[in-house]
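The values are calculated or read from the model by the stated rules, or taken from the named source; none is laboratory data. None of these values were measured; they are calculated from a predicted model. Here the Cβ positions follow ideal geometry from the backbone for every residue, glycine too, while neighbour counts run over all protein chains shown. These accessible areas exclude ligands, DNA and RNA; they are computed on the full protein's heavy atoms, side chains included. Shrake-Rupley method; radii C 1.70, N 1.55, O 1.52, S 1.80 Å.
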Amino acid sequence: MPIRYTIDHEARFVHARAEGPTSLQDVEALLDAIVVQDALSYRKLFDASDASAEYKEHDIMTLGARASVYAKLARRGALAIVPRKNVHPELALRFLNLARYEGAARIFQSADDGLKWLESLPEDES
C-alpha cells in the first residue's frame, strides 16, 4: 500500500506516510483502519510530502464527507498534514474545511514541524 502507517495505542498517535502514487481508495483504507482500531481521538500526522497523487474535486469532497461523518462517532484528535512538496496546500485546506475539522488541525511544510506541534499540545487538545 502506498500509505504506510502505524497506530500506537500506548502513545495515542497515528503516523501515516504516503509515498508515490496514492489513490482515493488508499486514503479511505487508512481512514477505515483508524476507525476500526478506535484511534479517531489520537493525534495524527499525515505526511504526503513524497506522494504523487492527483486528486479530483470529487475525491476531496468524498474524503471530507467521510471525515465529517467520523466526527459523529468520536472526538477527533489533533491532525498535522504535510502536503506534497512544491504544491500549494489548497487540497489540504479544502479537506479540513469539508471535514469540518473543528479540533486542532494545521498544515506544515515538514513532518518534523508537524510532529513538534503535535507533541507541544496539551493532552486535552490532542
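With θ set to phi - 60° and the Karplus curve 6.51 cos²θ - 1.76 cosθ + 1.60, what are the ³J(HN,Hα) couplings of segment 21-28 in order, to the nearest whole Hz, using x for Gly and Pro?
Values per residue, Gly and Pro as x: x, 10, 9, 4, 5, 5, 5, 4 Hz.
Over the chain, what relative contact order in percent results from Cα pairs under 8 Å that are six or more residues apart?
RCO, the chain: 24 percent.
Just to confirm the filter: which GluC sites (Glu not before Pro) across segment 1-103 are DSSP coil and have at most 13 other Cβ within 10 angstrom of their Cβ?
Taking segment 1-103 and a limit of 13 other Cβ atoms within 10 Å, the loop GluC sites (Glu not before Pro) found are Glu10, Glu54, Glu102.
First select every other residue whose beta carbon is under 15 angstrom from the beta carbon of Ala111; then total the charges, Lys and Arg +1, Asp and Glu -1.
+2
Which whole-Hz couplings ³J(HN,Hα) result when phi for each residue of segment 76-87 is put into the Karplus expression 6.51 cos²θ - 1.76 cosθ + 1.60, θ = phi - 60°, listed in order with x for Gly and Pro?
Residue by residue, segment 76-87 yields 8, x, 4, 10, 10, 10, 10, x, 4, 4, 6, 10 Hz.
When the helix-only estimate is applied to the chain (DSSP H runs of n ≥ 4, each -39,500 (n - 2.57), divided by the residue count), what is the mean residue ellipticity at 222 nm, nearest 500 deg cm²/dmol?
-11000 deg cm²/dmol, from helical runs alone.
Give the accessible surface of the chain per residue, rounded to a whole number of Å², with probe radius 1.4 Å and ligands, DNA and RNA excluded.
Heavy-atom SASA per residue in the chain reads 57 Å².
Order the following by accessible area, largest value first: Tyr55, Tyr101. Probe radius 1.4 Å; ligands, DNA and RNA are ignored.
Tyr55, Tyr101
How many lysine pairs in segment 36-124, separated by 8 or more positions in sequence or lying on different chains, have Cα atoms less than 25 Å apart?
For segment 36-124, the number of qualifying lysine pairs is 6.
In the chain, what % of DSSP beta bridges are antiparallel (nearest 5)?
30
Taking only the alpha-carbon atoms of the chain, what semi-axes of the equivalent ellipsoid follow from 5 times the gyration tensor eigenvalues under a square root, in whole Å, largest first?
Here the semi-axes work out to 20, 16, 14 Å.
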